[in-house]
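**Q** Sharing a structure with you now.
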Amino acid sequence: MCSLALAACTDKLDEAALPKPLSEDVNARDITARAPIHGTALPDAASIGISLLAEDGTPYDGVTYANLKYAASGTAPDQTWSTPDIPTLSSTPAKLVAYYPWADGTDYTAVPVETDTQTDYMYSGWVNGLSNVSPKASIVMQHALTAVRVALVKGDFTADVDVSSVSVKSPAFATAGSLDATTGVLSGLTGTGEAVTVTADFPLTAQATNVEVMAVPDVSVAAGVTTVSTQIGDRKYSVSINFTESYKQGYIYT
């Protein structure tokens, strides 16, 4: 028998029988100079959507944990993540999937992505092996889109005018689509072949100024002719590059 006095108790507590709250360690994939969110941490106050299921894909212990909003507080290495609805893990094996940024009502298999806001959409794939014995999830977010980095240098250009926009266009670039956060696959692409444009406001100088333009890549086709255009003062300048490979997700092409 085990009495109420701790010192008198000789039985060992069965750790495997205790429920544990899910905790997480969230990082961005460390791909130096390849994605607009550089480094290995998401920004302070960023939020991701997490769904937790049993390993067989059913609701976890009969409870549906879908699209939970986990918010970041602070910056690495002291960044923490929290949600009002922390799942409780039992001995039942669990898995989770995450995407960034969180949006209300989003299905993790069909996360809407677009280029108008130049958002660096990210996904985790499945994170397996969770339970009350292993309640901490190591979530590594991967970049879903492709970026083109345009380096603009004044060179022998003599006029003192500002750059007001930069755009990229390719048969392999779309302006919107749907992301499956379990696999990273993009589907339902729209606006294929349309120019993706970002606004700018800076003067040309002897030192390169980088502008990164994110696009939704069609990884199934070769990039073909990619056209980069810039609006400088009242004139538009364009250059075309024939790229025979396919654009990859999570890469920056300079």
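**Q** Six or more apart or on different chains, Cβ under 7 Å: which pairs go from a residue in the stretch 200-217 that's charged (D, E, K, R) to one that's in a loop (DSSP other than H, G, I, E, B)? Could you list them?
**A** GLU212/PRO36
**Q** Against the conditions (1) within 21 Å of GLY125 (Cβ to Cβ); (2) of a type outside the set (S, T, N, Q); (3) touching a strand residue (DSSP E or B) at 6+ places or on another chain (Cβ under 7 Å), where does VAL219 fall short? Just the number, please.
**A** Unmet for VAL219, out of (1) within 21 Å of GLY125 (Cβ to Cβ); (2) of a type outside the set (S, T, N, Q); (3) touching a strand residue (DSSP E or B) at 6+ places or on another chain (Cβ under 7 Å): (3).
**Q** Going residue by residue through the stretch 26-48, is there one that turns out to be touching a Leu at 6+ places or on another chain (Cβ under 8 Å) and either in a loop (DSSP other than H, G, I, E, B) or at pLDDT below 70 (or both)?
**A** yes
**Q** To continue, here is another question. Name, by its number, the condition in (1) over 17 Å from THR106 (Cβ atoms); (2) assigned to a strand (DSSP E or B) that does not hold for SER178.
**A** Only one criterion is unmet by SER178, namely (1).
**Q** Using the structure shown, decide if ASP116 is modelled with pLDDT of 95 or more, in a loop (DSSP other than H, G, I, E, B) and either open to solvent by 30 Å² or more (accessible area, probe 1.4 Å) or more than 19 Å from ASP180 (Cα to Cα) (or both).
**A** yes
**Q** Let me ask something additional. For the stretch 195-227, how many residues are over 22 Å from the mean Cα position of the chain (by Cα), crowded, with 17+ Cβ neighbours inside 10 Å and not small (Gly, Ala, Ser)?
**A** Looking only at that region, the number is 2.
**Q** A further question on this structure: Of the residues THR230, THR183, THR192, only one is over 18 Å from the mean Cα position of the chain (by Cα) and open to solvent by 20 Å² or more (accessible area, probe 1.4 Å); which?
**A** Working: THR230 fails: open to solvent by 20 Å² or more (accessible area, probe 1.4 Å); THR183 fails: over 18 Å from the mean Cα position of the chain (by Cα).
The conditions single out THR192.
**Q** Within the stretch 136-161, how many residues turn out to be in contact with a Ser or Thr (Cβ under 6 Å, 6 or more places away or on another chain) and either more than 25 Å from ALA176 (Cα to Cα) or open to solvent by less than 10 Å² (accessible area, probe 1.4 Å) (or both)?
**A** Keep residues of the stretch 136-161 that are in contact with a Ser or Thr (Cβ under 6 Å, 6 or more places away or on another chain), which gives 136, 139, 141, 149, 152, 154.
Okay, now just the ones that are also either more than 25 Å from ALA176 (Cα to Cα) or open to solvent by less than 10 Å² (accessible area, probe 1.4 Å) (or both), so 136, 139, 141, 152, 154.
Of the residues in that region, 5 qualify.
**Q** Tell me yes or no: at least one residue of the stretch 99-108 is under 23 Å from GLY184 (Cβ atoms), crowded, with 16+ Cβ neighbours inside 10 Å and not aromatic (Phe, Trp, Tyr). Let's see the steps before the verdict.
**A** Just the residues of the stretch 99-108 that are under 23 Å from GLY184 (Cβ atoms), to begin with: 99-108.
In the following step, the residues that additionally are crowded, with 16+ Cβ neighbours inside 10 Å were identified as 99-102, 106, 108.
Applying the additional criterion that residues be not aromatic (Phe, Trp, Tyr) yields 101, 106.
Yes, there is a match, as at least one residue in the stretch 99-108 is under 23 Å from GLY184 (Cβ atoms), crowded, with 16+ Cβ neighbours inside 10 Å and not aromatic (Phe, Trp, Tyr).
The values are calculated or read from the model by the stated rules, or taken from the named source; none is laboratory data. Small disclaimer: the values here were computed from a predicted structure and weren't measured. So basically every Cβ, Gly included, is an ideal-geometry build from the backbone, and we count neighbours across all protein chains shown. Surface accessibility is based on the protein's heavy atoms, side chains included, excluding ligands, DNA and RNA. Shrake-Rupley method; radii C 1.70, N 1.55, O 1.52, S 1.80 Å.
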